[in-house]
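Written below as structure tokens is the structure these notes are about.
The values are calculated or read from the model by the stated rules, or taken from the named source; none is laboratory data. This one's a predicted model, so the numbers in the text were calculated from it and none came from an experiment. Cβ atoms come from the backbone with ideal geometry, glycine included; neighbour counts cover every protein chain shown.
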Amino acid sequence: MICARGVHFAFPGRTVLEALSIDIEESITTVIVGRSGIGKSVLLKCITGLLRPQSGSITIDGDEVVGASRQQILAIRRRIGMLFQEGALFDSMTVFENVAFPLSYHKLASGKEIERRVLAYLDLVGLREYARAMPQELSGGMKRKIAVARAMILEPRYLLYDEPTAGLDPASAAVVESMIRRLQRERAITSLVVTHDIDLTRYIADRIALMEEGRISAHAGREDAFAEPSAIYEHFIENRERIRAENGSQG
Amino acid sequence: MSRPESEAAREWRHAGASTASMYGNFFFWLFREPFPTRQLGAQIVRVMLEGFGILAVAGIVEGAMFAWLGGWYGTKFSVVNWAGAASLYLLLSAATTLFGAMMFAAKIGTAFTVEIGSMQMSGQLDALRLMAVEPTQYIVIPRVLASILCLPILKAISDACAIIAAIVLSKLWFDISVPIFLQHALLVLKHTILTTSYIRCALHAFFISINACGLGFHFQGGAIELGRTTTKSIVINLICVLVIDTVYGVMDSVFGWSTV
């Protein structure tokens, strides 16, 4: 379980997270929604120890992340896989080498075992035939699926997704959505997704948290979140109406 | 009351801090396991391939230019036979080292900054950290060590090109025969000239690659900022090369390494 308590994080001159608290429950998909630039990605980086909050506590399975030593952070990170916004695949490596990288760099398996596992995970995301392709040859959706395969190769307990459908066309977004849902159902991984995509949230979320002004302002199960009236429902409706109004005024 | 810091001042302060912290990071990670042997090999090949053309062309241009200047002034002061000696002395003691380092900063240094900066921008460095791979160890150390190993070799290639260009131009333009050219050249060349120039080369490579990697590593922003950071990389590195050569010049005058 991931627990954040009173997390405060600020860049010079700008507070991003302010007394943020949330519990991420095991074996379900929790989606954190909120406007762009509100600090959702910063929260993920704080959870993974890539950014260090100024105060507060974040624990993963009871192990404290804030203030942990480098060795402790490395041990915690072994339990986490993360999908970055655009996949963050290594440009100089093939798809196979990208997925194999965590295993081969740390010498965690023999050559044959690495090949078997990489191909198994490429099968899982449906891209085995692209094993020899370079990342530049792939579409945005494919890159993200490969990135998920890479994140999962060490079989983490937690999978964090940073805007998994941002910038994708509706068809590619639907493919990524169904992959996240399938992984969740088949492997029961604890997933934390940050997004402002309403359709994605509706499709994959078990629990939904609304992030506003650096803190979680509402946290509810899927049914309650989309029931009227609720803060999360209001947020989605407000967003949609705002976008439509902006499009209308431009038209 | 203190004046608010301007945007440019803030950017330069960040650039200074980025490069300074990379020196500490480099030595901290250099002696820690695992040593990135495969990446070092790949970077050696890459730096040699990318640097060969520009350093060879620079050597030819420098050789021709210095031979022409030597021949022209030699003719004017009736010491044309010494033109080869003068041009080779200037080339090997200063020109190929200085211009070679500048070309290296422009070609390889900027490539390091842009490459690592775009890795930072696209989250690849964070992805490495999440896989328990230290980016300084995996990305920076191979590039710096490859630069230190390759720039002296590239300088040797540049020197050879410069010597051949100087001999050919001296023969064709000023009718200085090859034996006369070499005979006078050998009279003025001391082994310390070559030794110190190659040591300077390795120093240039170290500073250029660390500065370039540091700026890319701590890069923040988008495409415009990456462009600015790349400009900073070349400016800082050119200044660095000039400072190293100035310090060397002062020490040389004190210790007389290159005295004919």
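A compact table of results
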| quantity | calculated |
| --- | --- |
| A:LEU154 within 14 Å of another protein chain (Cβ to nearest Cβ) and in contact (Cβ under 8 Å) with a residue 60 or more places away in the chain | yes |
| Only one of B:VAL247, B:VAL254 that is within 16 Å of the chain's Cα centre (by Cα), in a helix (DSSP H, G or I) and among the β-branched types (Val, Ile, Thr) | B:VAL247 |
| Among (1) facing another protein chain (nearest Cβ under 10 Å); (2) surrounded by fewer than 23 Cβ atoms within 10 Å (Cβ to Cβ); (3) outside any loop (DSSP other than H, G, I, E, B); (4) hydrophobic (A, V, I, L, M, F, W, C), the one test that A:LEU122 misses | (1) |
| Matching residues in segment B:88-125 - criterion: being within 14 Å of chain A (Cβ to nearest Cβ), surrounded by fewer than 21 Cβ atoms within 10 Å (Cβ to Cβ) and in contact with a Leu (Cβ under 7 Å, 6 or more places away or on another chain) | B:VAL114, B:SER118, B:MET121 |
| Number of the condition not met by B:ILE54 [criteria: (1) under 25 Å from the mean Cα position of the chain (by Cα); (2) surrounded by fewer than 16 Cβ atoms within 10 Å (Cβ to Cβ); (3) over 14 Å from B:TRP173 (Cβ atoms)] | (2) |
| Odd one out for A:ALA75 among (1) within 10 Å of chain B (Cβ to nearest Cβ); (2) in a strand (DSSP E or B); (3) without any contact (Cβ under 8 Å) to a residue 24 or more places away in the chain | (2) |
| Yes/no for A:GLY67 being farther than 29 Å from A:ARG202 by Cα, modelled with pLDDT under 90 and more than 14 Å from every other protein chain (Cβ to nearest Cβ) | yes |
| Matching entry among A:LEU89, A:LEU168, A:LEU103, A:LEU108 (being modelled with pLDDT under 90, within 14 Å of chain B (Cβ to nearest Cβ) and either part of a loop (DSSP other than H, G, I, E, B) or surrounded by fewer than 22 Cβ atoms within 10 Å (Cβ to Cβ) (or both)) | A:LEU108 |
| Residue match in segment A:118-133 (condition: β-branched (Val, Ile, Thr), under 16 Å from the mean Cα position of the chain (by Cα) and at pLDDT 90 or above) | no |
| Residues satisfying the stated conditions in segment A:32-64, i.e. in a loop (DSSP other than H, G, I, E, B), away from chain B (no Cβ under 11 Å) and among the polar types (S, T, N, Q) | A:SER36, A:GLN54 |
| Given (1) modelled with pLDDT of 95 or more; (2) touching a Leu at 6+ places or on another chain (Cβ under 6 Å); (3) surrounded by fewer than 21 Cβ atoms within 10 Å (Cβ to Cβ); (4) of a type in the set (A, V, I, L, M, F, W, C), index of the condition B:LEU154 fails | (3) |
| Test: residue in segment B:60-76 that is away from chain A (no Cβ under 14 Å), of a type in the set (S, T, N, Q) and in contact (Cβ under 8 Å) with a residue 24 or more places away in the chain | yes |
